[in-house]
1. With only alpha-carbon pairs counted, each pair once and no self-pairs, how large is the Kirkwood hydrodynamic radius of the chain in angstroms?
2. With every atom except the alpha carbons ignored, what do you get for Rg and Dmax of region 39-132, in angstroms?
3. Quick check on my link table: of K9/K42; K126/K151; K126/K164; K151/K171; K30/K64; K9/K110, which ones sit more than 19 Å apart, alpha carbon to alpha carbon?
4. Through the Karplus equation 6.51 cos²θ - 1.76 cosθ + 1.60, θ set to phi - 60°, convert the phi angles of region 95-111 into ³J(HN,Hα) values in whole Hz; use x for Gly and Pro.
5. Residue by residue, what Karplus-based ³J(HN,Hα) values in Hz, rounded to whole numbers, does region 16-31 have, using 6.51, -1.76 and 1.60 with θ = phi - 60° and x for Gly and Pro?
6. Pull up the DSSP beta bridges for the chain and report the antiparallel fraction as a percent, rounded to 5.
7. For region 97-166, which GluC sites (Glu not before Pro) are both in a DSSP coil and crowded by at most 10 other Cβ atoms within 10 Å?
8. Hey, what number do you get for the chain at 222 nm if only DSSP H runs of n ≥ 4 count, each worth -39500 (n - 2.57), divided across all residues, to the nearest 500?
Amino acid sequence: MTLYNVVEKFTSINGEGVRAGQLAVFIRFKDCNLRCSYCDTKWANAENAPHVQMSAQEIYGYIKHTGIKNVTLTGGEPLLQENIKELLELICADRELYCEIETNGSIYLKPFSDIENRPSFTMDHKLMSSNMKEYMCIENYHILSQNDTVKFVVGGKADLNDAKAIIDEYKLIGRVNVYISPVFGKIDPKEIVEFMLENKLNGVNLQLQLHKFIWNPNKRGV
């Protein structure tokens, strides 16, 4: 039986994405293969991060017990968990649930794209300020659809220009949901809005992390 390394599980609101502001149940997994400069969950990636091991049935049981319909699997990098597809298939088989998986852009998504009622992928594309840009799996742009999201976390003007180049190159607007989000405390969101206006980025969404405005930005479990 596969056991997954879970560092925290909780209910809150979605702070980001197409269902921002809606209730959600979160399962956060241990470990990540990237080390982004602005990572706000470094504690979950540490080798000695406190965690519990849960089976797919135990995780699904917890989700159902909460009574919350939106499910967000996050990390760390959830797709690094051994046999994660088993858990995804179990959750997605329940048509009452909406399953979203947050992934860092370095993992090839094709092996998970054939799941019936597959999860919605919210995929980061790491830009220069992350120091992880070279690890992006560009092939994923042939897999993502209108049910999926590409998120650009920007720390300055160079990142904004880079994000626009990628949006244009892969013709993302209209094909996927596109979000631009500031590195918290590093760039004024007004600068992002001005860039969007200047470049007529119709169909692109400015995203602020709601949970960091409602609670202390460093608070866990929200």
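Each value in this text was obtained by applying a stated rule to the coordinates, not by laboratory testing. None of these values were measured; they are calculated from a predicted model. Quick reminder, even Gly has a Cβ in these numbers, built from the backbone with ideal geometry, and neighbours come from all protein chains shown.
1. That comes to 17.8 Å for the chain.
2. Rg then Dmax for region 39-132, in Å: 14.0, 41.
3. From K9/K42; K126/K151; K126/K164; K151/K171; K30/K64; K9/K110, over 19 Å: K30/K64; K9/K110.
4. Along region 95-111, the couplings run 6, 7, 9, 10, 9, 10, 10, 8, 10, 8, x, 9, 9, 5, 8, 3, x Hz.
5. Along region 16-31, the couplings run 9, x, 5, 10, 4, x, 8, 4, 8, 10, 10, 10, 10, 9, 7, 5 Hz.
6. Beta bridges within the chain, antiparallel portion: roughly 30 percent.
7. The qualifying sites are E116.
8. Result for the chain, helices only: -6500 deg cm²/dmol.
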